[in-house]
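The block underneath contains the structure these notes are about, expressed in structure tokens.
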Amino acid sequence: PQDYGRNHADGANMLAHALGRHDGIVMWRAFVYKAGSGDRFKQAYEDFKPLDGQFAPKVLVQVKNGPIDFQAREPFHPLFGAMPKTPLVLEVQLTQEYLGMATHLVYLAPLIKECLDADTQEKGPGSTVAKVVDGSLEQHRLSGIAGVANIGSDRNWTGHPVGQANWYAFGRLAWDYTLTSAGIDDPTMAHIHAGAAGVNGPVTVGLPDLDAGEHCQDIDKERADQITAKPGDFYVNIHNGDFPGGAIRGQLTKKD
């Protein structure tokens, strides 16, 4: 908008005006930076803080969990607690952009939970990011949380069961941010089973202790050849206390 002599409120409100009396909302992202900016950490804060209270009633401002860009470690975004007159949406990552992309096994629930529990001190102790986002701190009617995900053509959309687990954890925390990340995860065992999609089959490979850290297992060469040749005939099943028969199932696939 600045290229046209306008600001972010002007841009968001233009879209809200187009909605008129129709149902719908505008989610305007606060993920902004430009070449030559003196401090990218502060740019969203400096762009949006002065606009607090200028957004139309149908507009929510979508703010990343941290001020840079889905880093492995960063503090919560300073806009949380700084825009009391504007409903803010929390944007979190499911993409693992800076966490090994989709090839490393990273459980994201603790990162999301840490941000939700962070205290902005906007109205004193207890003014958590979660209370800003759900609207309860300032009695906003609109609220939201967004997960930026990378999905593909795999049956579980994510390519591997841990990626699927991150979607599940995000959904659970979106509905109830008082849950603990440990309570959502809590895996007890995992196996590779023989069975095509939609078919339950016997255990063929017992995966190692989920707390062992190495996550490697020696298996019979003949069995390994079978899995490699026809991965679609096998699936991974992860169990937890709530679902001892299996909480997450991921069909194996052959990558191109």
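Just so you know, all these numbers are worked out from the coordinates, no wet-lab data involved. No experiment lies behind these values; they were computed from the predicted model shown. Every residue, glycine as well, gets a Cβ built from its backbone with ideal geometry; the counts of neighbours run over all protein chains shown.
Scanning region 145-164 finds no residues that are of a type in the set (Phe, Trp, Tyr) and within 30 Å of ALA56 (Cα to Cα). The residues listed here are TYR177, TYR168; of these, the one that is part of a loop (DSSP other than H, G, I, E, B), among the hydroxyl-bearing types (Ser, Thr, Tyr) and under 27 Å from ARG29 (Cβ atoms) is TYR177.
Condition test on GLU91, is it under 16 Å from ALA130 (Cβ atoms) and of a type in the set (D, E, K, R)? Judged against the criteria, GLU91 is a match.
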